[in-house]
Amino acid sequence: MLTNPLLFRKWRPHLKLHLAKSLGQNMFTGYGIDYVIINQVRYTKSLIVLSDYIIQDWQAKIFEQLTPEHFELLIPLKPEMVLFGTGKTLRFPPPSLTQALTTSRIGIEVMDTSAACRTYNILMSEGRNVAAAILI
């Protein structure tokens, strides 16, 4: 008979991250299937997050409707890397959508949203100039 309670724990589709201090920078403090939390504020629409600025209501609503313009608006922000969170599942956009970023020598990493949130926090804590483009 199995008695380990961890084996029976139901998987929860959200995570609350606890950070000691964000030092005035935007950091993900939680996320779920249909939201992210940045510095204890909940967001339910797609957005772009930088260390000192949040573009709320990024016009990228769903993966199938992405256009090159959704990514081109990141170029003037001059991040060294963009983390593209594609929602609950990892989906790779065609290279034509992100070509403007690579032409501008801006790296792009594609991952599911939960991985993008975690990776963003790590890179921010290392002092990297990173942006997270998150589909919700």
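The values are calculated or read from the model by the stated rules, or taken from the named source; none is laboratory data. Source: prediction; values computed, not measured. In this analysis, Cβ positions are derived from the backbone assuming ideal geometry, glycine residues included, and neighbour counts consider all displayed protein chains.
Listed values, structure above:
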| item | result |
| --- | --- |
| Breaking point among (1) over 12 Å from the mean Cα position of the chain (by Cα); (2) on the phi < 0 side of the Ramachandran plot; (3) modelled with pLDDT of 95 or more, for Tyr35 | (1) |
| Answer residue from region 98-124, given it is without any contact (Cβ under 8 Å) to a residue 40 or more places away in the chain and small (Gly, Ala, Ser) and is surrounded by the most Cβ atoms within 10 Å (Cβ to Cβ) among those | Ala116 |
| Of residues in region 52-97 being touching a strand residue (DSSP E or B) at 6+ places or on another chain (Cβ under 6 Å), crowded, with 18+ Cβ neighbours inside 10 Å and hydrophobic (A, V, I, L, M, F, W, C), the one nearest to Val130 (Cα to Cα) | Val82 |
| Whichever residue in region 125-134 is on the phi < 0 side of the Ramachandran plot and surrounded by fewer than 16 Cβ atoms within 10 Å (Cβ to Cβ) and, among such residues, is farthest from the chain's Cα centre (by Cα) | Glu126 |
